[in-house]
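Undergrad: Dropping the structure in here first, questions after.
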Amino acid sequence: MRNFLAATAIGLALCAAPAFATETIAPISTSDKTTFALEVDEPCDVTLPVPNATACAGYYSGNLLNGSETDLANQVEALNELGYNFDGDWNGVSSSVVFSLQNGNQINFGTVLYGLTFIGAHFGNVAGDAGNVSVFWSFDFGEEGAEYITLADTQGFSNAVLYSTGVPAVPEPSTWMMLLLGFAAVGFGLRRRSAKRGLTGSASFA
């Protein structure tokens with residue numbers, strides 16, 4: 001009987017333990033995108049940023065975007081879910097935190113974003129009982145890149161951090177050769193035109 005009670009207590013404790021240290025929160029946006037209502041235990045929204053994210057983790061309660069030991073552990077776990085191996089070095093990313101939106105709705109880190117990109121964002125002072133939340137997004141901006149992402153709903157935006165982005169593609173040697181040949185052809189054409197004008201000018205004075 002004593003063993004049965006102990007096993008039952010352990011089972012209840014395991015069921016009560018959350019899989020993640022923080023609650024998941026989700027936005028419920030109206031059709032006109034003017035409100036940002038939140039409900040607990042719903043998945044995050046990949047359509048909140050434009051271009052849309054390829055995946056997201058959260059929403060998690062509270063502002064996880066800081067260098068505290070607990071929040072860094074949560075950041076590592078959330079980003080691992082998205083396929084990015086964040087090393088937990090806040091000093092390495094703290095210079096890439098923005099605290100305001102440009103043009104009212106743009107998250108702009110002052111650099112062009114290429115390829116696989118991982119961004120976290122915090123929304124605070126939102127309406128309802130949910131409090132404030134954090135979300136982590138992954139994007140694929142390809143070789144063309146993007147200068148910023150736009151938020152479909154900006155209510156409560158507090159800060160965002162750029163964890164990682166790609167670098168612009170380096171042109172292939174064949175591309176460089178084509179460029180050099182193009183410049184050479186333009187230069188040859190200009191030189192020939194200049195020489196022709198010189199001959200015409202000489203003939204007129206003869």
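Undergrad: With each pseudo-label sitting 7 Å past Cα toward Cβ, what's the residue 96-residue 154 distance in nm, one decimal?
TA: Roughly 2.3 nm, to one decimal.
Undergrad: I'd like the FRET efficiency for residue 144 and residue 70, computed as 1/(1 + (r/R0)^6) with the beta carbon distance as r and R0 of 25 Å, rounded to 0.05.
TA: Efficiency, from the Cβ-Cβ distance: 0.10.
Undergrad: Any idea how far apart residue 50 and residue 111 come out in nm if each label point goes 7 Å out from Cα toward Cβ?
TA: 2.6
Laboratory data are not the source of any read-out in this text; all were calculated from the coordinates shown. Please read these numbers as outputs of a predicted model, since none were measured by experiment. All Cβ positions, even for glycine, are placed from backbone atoms using ideal geometry, and neighbour counts span all protein chains on display.
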